[in-house]
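The values are calculated or read from the model by the stated rules, or taken from the named source; none is laboratory data. Quantities reported herein were computed from a predicted structural model and do not represent experimental measurements. Quick reminder, even Gly has a Cβ in these numbers, built from the backbone with ideal geometry, and neighbours come from all protein chains shown.
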Amino acid sequence: MRKEEVLKCILVGILAITVLGLVTMVLWNWLVPTLFNGPIITYWQALGLLILSKILFWGWGGKRHHYPAHGPAPYWKQRFYEKFSSMPAEQREEFKRRMKEKWCRFEERTSETKSDTSHD
């Protein structure tokens with residue numbers, strides 16, 4: 001890269017950080033004190049919130065958890081697909097049934113509750 005391009009990238013980065021900090025501060029100070037009786041924050045506190053949210057929600061690892069739309073799938077997903085596609089049809093249906101029993105109980109309970117209250 002040429003020096004002008006590097007300088008341009010640095011300036012755009014500084015501008016982006018500045019704008020994000022200002023937008024965060026304005027939105028916080030507009031919403032939080034009114035809705036939750038929270039404190040009003042400064043620009044530097046808004047930048048601190050952005051950094052904290054980056055650490056908590058995105059992590060430090062960069063793009064290692066992001067997979068391109070048509071790129072390689074995660075290892076566990078490939079293994080599951082291989083195992084599931086090699087099962088006989090009866091085993092696949094049994095597996096689906098067991099997963100539905102295990103993970104779809106909430107739907108069954110809510111539909112039972114609705115049907116119980118409708119008969120009153």
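Taking region 14-37 as the range and being exposed (fewer than 10 other Cβ atoms within 10 Å of the Cβ) and not polar (S, T, N, Q) as the test, the residues that pass are L35, F36. Within region 20-43, residues that are without any contact (Cβ under 8 Å) to a residue 40 or more places away in the chain reach partners that are part of a loop (DSSP other than H, G, I, E, B) and among the aliphatic types (A, V, I, L, M) with beta carbons closer than 7 Å, at six or more positions or on different chains, in the pairs M25/I41; W28/I41; N29/I40; N29/I41; P33/I40. Counting only residues that are modelled with pLDDT under 95, in a loop (DSSP other than H, G, I, E, B) and within 23 Å of A16 (Cα to Cα), region 30-63 holds 5 of them.
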